[in-house]
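Encoded as structure tokens, the structure appears first; notes follow it.
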Amino acid sequence: MDPTGREAVAAVWRIESARIVGALARYTGDVALAEDLAQEALAEALVHWPREGVPGNPAGWLLTVGRRRAIDAFRRRSALDDRYAALARDLGEGGVATGGGSADPARDAGAVLWDPDRIDDDVLALIFTACHPVLSREARVALTLRVVGGLTSDEIASAFLVPTATVQARITRAKKTLAAARVPFAVPPAGERTERLGSVLGVVYVVFTEGASASSGDRVIRFDLAGEAQRLARVLARLVPDEPEVHGLVALLELTAARFPARTGPDGAPVLLEDQDRRRWDRAAIRRGRAALARATAVGRGLGAYGLQAAIAEQHAIAASVSATDWDRIVLLYEALGQLAPSPVVDLNRAVAVSMAQGPAAALPIVDELVAAGALAHSHLLPAVRGELLSRLDRRSEARTELRAAADRCGNERERALLERKIDALG
């Protein structure tokens, strides 16, 4: 048995899963069935490839096996109805016997189902379907990572620190919801596309945010999760190149990820922005991010929420130090972002920028307004920022109280340890 066979299965699945599931969904008209068929083909590859070797066209092999399983499924559902007859006829034209196919699935990989001109449309339709607004945000994230990203339930569960059974239940529920709502496998019409694209981008952003700043666990950054979000954003940029917010999101993710190498120390502890060695920032990622931001601007409709956040990240990326950063411009960008996409997190980040541009006394009233409004009641971010501002104003006792509240709320072990060190430093 060839041990590289299993590695090849994993590699092909990681790269081609979205195209395979998308093609099978176009073939069957059923995303849930397509994903099941693809998983069955994957299981068969795990048996055959280590024993018989990797086929010359591995993606085509998987697709052909999935298509055969579709024929079997339609057989079970109905005896020789019109749909099955049409599928069987197409399969026969591709050179595969209807009684299970030729001995070598790779020989059938060139059949009509694998149409290079349709692949991008299939993937885009798959993304829009997995991110349909009829699903909850958690369900969209799980289904997207499964059917578009090719992650297993175990990998998704590990990324979000939830039980595998929870992820499996979300995916199963999502499939049933899509079927019950009769959501078609298709790119939505132009009138719905902008609204639906916002849902898609939101899912990718949620995935990246959890990867870039892990909400729990003992790691500050989950590189695999952040990397998957970056990959999905790049796929979207290729599929819908005329949408500025897609390029804005790509820019935001690239410019944020560029700082990853300097955000943690050798022991995995977080390193604050002012203490980071900027020579370790990924300059290639910065160039990619700035190029994507330029493309978002070039479309000519003005930057959206992701584009504005990318513009903020760009200011950090081009500054030689914290003190050399154009904080006044960042304040203006946050004010624009607050008008376009108001949220307590935007206001909190604006307060941080104001504190750097004008001093902590100017920023504290913004934070106090958020406290009075009961915003971010369960997040550690608000008391952490307020504690930092009070510390800079030398109101040490109040600062300790705020930082203690932040540490008690913080679910990430590394971030909590940093807050504890700040408390200790206050005496």
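The values are calculated or read from the model by the stated rules, or taken from the named source; none is laboratory data. Owing to the predicted nature of the structure, the values given are computational and were not obtained by experimental measurement. Every residue, glycine among them, receives a Cβ derived from its backbone with ideal geometry; neighbour counts consider all protein chains shown.
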How many residues of the range 291-336 are closer than 23 Å to GLY202 by Cα and of a type in the set (Phe, Trp, Tyr)? The answer is 2
Just one listed residue, out of GLY217, GLY202, is farther than 11 Å from CYS131 by Cβ and in contact with a Lys or Arg (Cβ under 9 Å, 6 or more places away or on another chain), and it is GLY217
Log entry, pairs with first residue in the range 49-66 being part of a loop (DSSP other than H, G, I, E, B), second being not small (Gly, Ala, Ser), beta carbons closer than 6 Å, six or more apart or on different chains, reads PRO55/TRP61
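Condition check ((1) over 19 Å from THR209 (Cβ atoms); (2) among the acidic types (Asp, Glu); (3) at pLDDT 95 or above; (4) more than 28 Å from the chain's Cα centre (by Cα)) across all residues:
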position: ASN349; (1), (2), (3), (4): no, no, yes, no
position: HIS378; (1), (2), (3), (4): no, no, no, no
position: ALA384; (1), (2), (3), (4): no, no, yes, no
position: ALA399; (1), (2), (3), (4): yes, no, yes, yes
position: GLU402; (1), (2), (3), (4): yes, yes, yes, yes
Per the filter on the range 14-31, residues surrounded by fewer than 19 Cβ atoms within 10 Å (Cβ to Cβ) and either at pLDDT 85 or above or not in a helix (DSSP H, G or I) (or both) are GLY29, ASP30
Report task. Check whether at least one residue in the range 259-282 is under 25 Å from ALA190 (Cα atoms), outside any helix (DSSP H, G or I), over 15 Å from the mean Cα position of the chain (by Cα) and at pLDDT 85 or above, and report yes or no. Result -> no
Exactly one of PHE160, PHE185 is closer than 14 Å to PHE128 by Cβ and of a type in the set (Phe, Trp, Tyr), and that one is PHE185
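Yes/no per residue for (1) surrounded by fewer than 23 Cβ atoms within 10 Å (Cβ to Cβ); (2) more than 22 Å from ASN412 (Cβ to Cβ); (3) at pLDDT 85 or above:
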{"residue": "PHE208", "(1), (2), (3)": "no, no, yes"}
{"residue": "ALA214", "(1), (2), (3)": "no, no, no"}
{"residue": "ARG222", "(1), (2), (3)": "yes, no, no"}
{"residue": "GLY227", "(1), (2), (3)": "yes, no, yes"}
{"residue": "ALA233", "(1), (2), (3)": "no, yes, yes"}
{"residue": "ALA237", "(1), (2), (3)": "yes, yes, yes"}
{"residue": "PRO241", "(1), (2), (3)": "yes, yes, yes"}
{"residue": "GLY248", "(1), (2), (3)": "no, yes, yes"}
Note to self: Any residue that is assigned to a helix (DSSP H, G or I), touching a Ser or Thr at 6+ places or on another chain (Cβ under 7 Å), at pLDDT below 85 and of a type in the set (Asp, Glu) - is there at least one of those in the range 104-125?
What the structure shows: yes
When restricted to ALA186, ALA181, the only residue surrounded by 13 or more Cβ atoms within 10 Å (Cβ to Cβ), over 30 Å from SER213 (Cβ atoms) and out of contact with any Phe, Trp or Tyr (no Cβ under 7 Å at 6 or more places or on another chain) is ALA186
